[in-house]
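The values are calculated or read from the model by the stated rules, or taken from the named source; none is laboratory data. As the structure is a prediction and not an experimental result, all values here were calculated from the model. Virtual Cβ from ideal backbone geometry, glycine too; neighbours counted across all protein chains shown.
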Amino acid sequence: MIIKQQMLLDFLGTPDVQLIIPVYQRVYAWGARQCDGLFDDIMRAGRAERTHFVGTVLYVPELGAAGVGTRFDVIDGQQRLATLTLLLAALRDYVRDAGYALEGVDAAGIDQRFLHVDGVEGVGKLVLSRADRATLEAVIAGAELPGEDDVSANVVANYEHFRARMREGFAADEAQVLWRGMQQLLVITAELDGEDRPQVVFESLNSKGMPLTTADLVRNLMLVSVGYDEQTRLYERYWAPIERLFGDDPGGVRLNAALHGWLAVTAPRLHVGSADEVYGAFKTYLEDLHTGTLEELLIGLKGFCETFAAKSQDSGAARATAHATWGNGKVEGIISERKLFGD
């Protein structure tokens, strides 16, 4: 692991580098409260002209594409990077509308260095995951937003929130303070190398705060081991359809139950009991027992989940899934392969 202390804008503006949020990461979640906190911290740093530490960014480098030399797959730091990018987009638009530069940097300069990969037309510097991606691209490009079903509400709301803070009473000298403050943001970056295990780091980083569901951890475990392009392909072909099978599933209860059932059928010797044993058992199966490819595993898992979801809609199985409980070391009504498939 290569650890550096550097200014966040220097990291974000690294030439010929694109920052990618892998598809296994959660969606962008910051709201107005966090945005205001960051904005106010930046203004204080700008007035005092002193550094302000904003945390860590962990990433895995890989070969880029579409004219990009390198991609950084960001394991930790998405919320701060996305929010800073939205603030930069809002500041770019404010400077462009006002028609002046910030200490020699105009709107085009902000756009070329921090919002796009320099010298590669139309390629964004930061690429968010899943539903957030297209919305951020539209905000950066000043283009039409995705439709109501596809738009990322947080991305749009936070960009508009920053724009609103730069309207009434926000003079040129305050824009200069904001820009100076952004240059004072200090970050610790950690580049993982071949000896580091991204999933172990990910689990450690997410051991506090809002807990990940079993399905979150399983998805991350499978996809973190492959590059961004393959992650995206596998996610869109297999995992996204699996999630859609269960629709609105607070806490991933039904999907977690399906994973438990799949393990019981596929690897009965693991003797998976309670819900909190599912992820550990899945990890054991993937690392020690599975002999095929990751895609073969996903094909089988998707087929199982399709059957599970269909059976759960049948009148005879609806009660078992809608009221599934973890007790006595079993998932009531769903563990038996004979019950699931009618054998």
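Quick check, is GLY147 in the same structural domain as GLN78 (by TED's automatic domain parsing) and either under 27 Å from the mean Cα position of the chain (by Cα) or closer than 20 Å to TRP30 by Cα (or both)? In short, yes. The residues of region 96-136 that are touching a residue at least 40 places away in the same chain (Cβ under 8 Å) and hydrophobic (A, V, I, L, M, F, W, C), listed by number, are ALA98, LEU102, VAL105, PHE114, VAL117, VAL120, VAL123, LEU126, VAL127, LEU128, ALA131, LEU136.
Counting only helices (runs of 4 or more DSSP H) that fall entirely inside region 92-175 and contain at least 3 residues that are crowded, with 18+ Cβ neighbours inside 10 Å, the qualifying elements are 131-141, 153-165. All of GLY300, GLY247, GLY292 fail the test of being assigned to a loop (DSSP other than H, G, I, E, B) and at pLDDT 90 or above, apart from GLY292.
Listed by first and then second residue, the pairs with beta-carbon distance under 7 Å, at least 6 apart or on different chains, first residue in region 285-304 and loosely packed, with under 14 Cβ neighbours inside 10 Å, second modelled with pLDDT of 95 or more and of a type outside the set (A, V, I, L, M, F, W, C), form an empty list. Pairing each residue of region 156-184 that is at positive phi with any residue that is of a type outside the set (Gly, Ala, Ser) and in a loop (DSSP other than H, G, I, E, B), provided the two are 6+ apart or on different chains, yields no C-beta distance under 8 Å.
Just one of the listed residues (GLY13, GLY37, GLY55, GLY46) is exposed (fewer than 14 other Cβ atoms within 10 Å of the Cβ) and out of contact with any strand residue (DSSP E or B) (no Cβ under 8 Å at 6 or more places or on another chain), namely GLY37.
I want to confirm something. Restricting to region 268-289 and keeping residues that are of a type in the set (Gly, Ala, Ser) and part of a helix (DSSP H, G or I), which single residue is modelled with the highest pLDDT? Here the residue is ALA281.
Scanning region 113-144 for residues that are in contact with a Leu (Cβ under 8 Å, 6 or more places away or on another chain) and not small (Gly, Ala, Ser) yields a total of 10. Please enumerate the residues belonging to region 242-270 that are touching a residue at least 12 places away in the same chain (Cβ under 8 Å) and either on the phi > 0 side of the Ramachandran plot or not hydrophobic (A, V, I, L, M, F, W, C) (or both). Answer for region 242-270, where residues must be touching a residue at least 12 places away in the same chain (Cβ under 8 Å) and either on the phi > 0 side of the Ramachandran plot or not hydrophobic (A, V, I, L, M, F, W, C) (or both): GLU243, GLY251, GLY252, ARG254, ASN256, HIS260, GLY261, THR266.
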